[in-house]
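What follows is a short report on a single structure.
The values are calculated or read from the model by the stated rules, or taken from the named source; none is laboratory data. Just so it is clear, the model here is predicted, and its values are computed rather than measured. So basically every Cβ, Gly included, is an ideal-geometry build from the backbone, and we count neighbours across all protein chains shown.
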Amino acid sequence: MNRIPVLIVGAGPTGLVLALWLTKAGVSVRIIDKAAEPGTSSRALGVQARTLELYRQMGIADELLKESVNVAAGNFWVGGKHIARIGLADSGKELSPFAGFVIFPQDAHERMLIDQLQALGVAVERSTELVRFHDDGAIVHGTIRRPDGTEEECEAYFLAGCDGAHSAVRVGLRIGFPGGTYDELFYVADAEVTGPVANHEIHIDFSSADFLAVFPMRGERRVRLIGAVVVKTDAEQKRLTFADVSDQAIGDMKVEIRKVNWFSTYRVHHRVADSFRKGRAFILGDAAHVHSPVGAQGMNTGIGDAINLAWKLAAVIKGEATPRVLDSFQPERIRFARRLVSTTDRAFTFVSKRGPLASLVRRVLLPIVLPLIAGRARTRRLVFRTISQLAIEYRESPLSVGSAGDVHGGDRLPWVSAHDGEDNFTPLASMAWQVHIYGEPRVSAKATCAELQIPLHIFPWTAEAKRAGLLRSALYLVRPDGYVAFADSDGLATGLRSYLSRRGLTPSVAS
């Protein structure tokens, strides 16, 4: 029987990124999906800065950016009037090498990831379904149904359920998925338009509870419309066509629809699984958490799940860490998922709430407040920080220890811009453990890193490093995913050896 290190169920962005990182790390995978082909339409559009940073480590950020749309600004409309414009280009300057906002729809995103995976010799097995499985403590035994209907027995050391909100893996693990579904019905349409919204910027209409957003797509006058629509019965929902909702776009934002390429409706859910792991099986992405599309967080969060798990699985499979390192996956990711669902729930409630008070806020207060704050650099920076996912931290993780300057164990490594063509994120392309020191390193730090075979990267002490919150000559042990694991303010590396040994990380982990 063919035994594989990792069986991945589901070939959306989460499963594909998990497969891609593991393959690049030298770990064999099998990835299956019950769908006959990749999706051809999608609601997920935004790719956040943190995702692009992780993609840069994997060497695929430039490929994505070639096909994406850089969004210059976000525009707000109320009562048929344009009331404010917030510039988004370079809003994250000094925070990330990817300082703006990028649109790249999920269907194109998946095709790019599939191409990257195929270039490494890994193909997605289509029309292939995991029908049952069990974990005996040492191996996951699964039964897979092939496209011709025959069944195959397989074995894997680990199982990853990336199979969406109706996850068969989550159901098979008997993990609860508490939460609910909002009453509002949403639609999404891919269209070609003319009018003021056809300017490659984002436009949002707050005129009523029938929320509408317009996102730019590649190509002349092509946009994605996402909006709320009022329906009274299930029968009305089934009969709904774009003609039933297009008047709002035409009336409020003066959009002229030239062509509709496709149209669909959906309901928004808010759920977080009770756990993200049982034994040798894990759930990630929409299988573990679903929430409002406000802020374009869902797809990016699933990708973050994938990379968080991927480097840990790779370390265990290659003998560079004990299985104990896998215990950190759930606490690191479930905490963020719960906070995200709560945050997007509040935002969703604001944009969709009905009633006199909600109408007053949208129609009267927003036209007064938004123009006052939209042009401020502080506002642009706040918007970037809020949705870029740079603020995700794992300070409460069992892998996070110490602090130096403003940087704690569990924080994303702050970005420091380059003076000589290479910034401090350049070494992260190794996708391996490493030590960073900004300023003059202590002799003992050099000796300890050499003894433990951990790559040491020394950067000049600059005003940018200080502004990023780093401490001169401190030692920062950086995880393969770019988060600080251990911060040593005196830079002597006296605690480095004990940090690794207590967490079951061997010196070869950084080789």
For helices (runs of 4 or more DSSP H) lying entirely in the stretch 13-121, having 1 or more residues that are closer than 30 Å to GLY195 by Cα picks out 49-58, 61-67, 106-119
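Okay, residues lined up against (1) in the same structural domain as ASP252 (by TED's automatic domain parsing); (2) under 24 Å from GLU220 (Cα atoms); (3) not hydrophobic (A, V, I, L, M, F, W, C):
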residue: SER42; (1), (2), (3): no, yes, yes
residue: GLN48; (1), (2), (3): no, yes, yes
residue: GLU53; (1), (2), (3): no, no, yes
residue: GLY59; (1), (2), (3): no, no, yes
residue: ALA73; (1), (2), (3): yes, yes, no
residue: TRP77; (1), (2), (3): yes, yes, no
residue: ILE86; (1), (2), (3): yes, yes, no
residue: ASP90; (1), (2), (3): yes, yes, yes
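Checking the conditions here, which among PRO97, PRO13, PRO38, PRO5 is in contact with a Phe, Trp or Tyr (Cβ under 8 Å, 6 or more places away or on another chain) and closer than 30 Å to ASP135 by Cα?
Details: PRO97 fails: closer than 30 Å to ASP135 by Cα; PRO13 fails: in contact with a Phe, Trp or Tyr (Cβ under 8 Å, 6 or more places away or on another chain); PRO38 fails: in contact with a Phe, Trp or Tyr (Cβ under 8 Å, 6 or more places away or on another chain).
Just one listed residue meets the conditions, PRO5.
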Among (1) more than 18 Å from VAL383 (Cβ to Cβ); (2) surrounded by 19 or more Cβ atoms within 10 Å (Cβ to Cβ); (3) out of contact with any strand residue (DSSP E or B) (no Cβ under 8 Å at 6 or more places or on another chain), LEU64 falls short only on (3)
Only one of (1) in a strand (DSSP E or B); (2) surrounded by fewer than 15 Cβ atoms within 10 Å (Cβ to Cβ) does not apply to GLY142, and that is (2)
Counting only residues that are part of a strand (DSSP E or B), over 15 Å from PRO398 (Cβ atoms) and aliphatic (A, V, I, L, M), the stretch 479-496 contains a total of 1
Scan the stretch 146-165 and tell me whether some residue there is at pLDDT below 95 and under 24 Å from VAL17 (Cβ atoms). yes
inquiry  = Please verify whether ARG442 is farther than 25 Å from VAL325 by Cα and surrounded by fewer than 17 Cβ atoms within 10 Å (Cβ to Cβ), treating the condition exactly as stated.
reply    = no
How many residues of the stretch 36-69 are over 25 Å from PHE425 (Cα atoms) and either among the basic types (Lys, Arg) or modelled with pLDDT of 95 or more (or both)? The answer is 1
Within the stretch 81-104, residues in contact (Cβ under 8 Å) with a residue 60 or more places away in the chain, surrounded by 20 or more Cβ atoms within 10 Å (Cβ to Cβ) and out of contact with any strand residue (DSSP E or B) (no Cβ under 7 Å at 6 or more places or on another chain) come out as SER91, GLY92, SER96
Exception for TRP262 within (1) touching a His at 6+ places or on another chain (Cβ under 7 Å); (2) assigned by TED's automatic domain parsing to the domain that holds MET217 falls at (1)
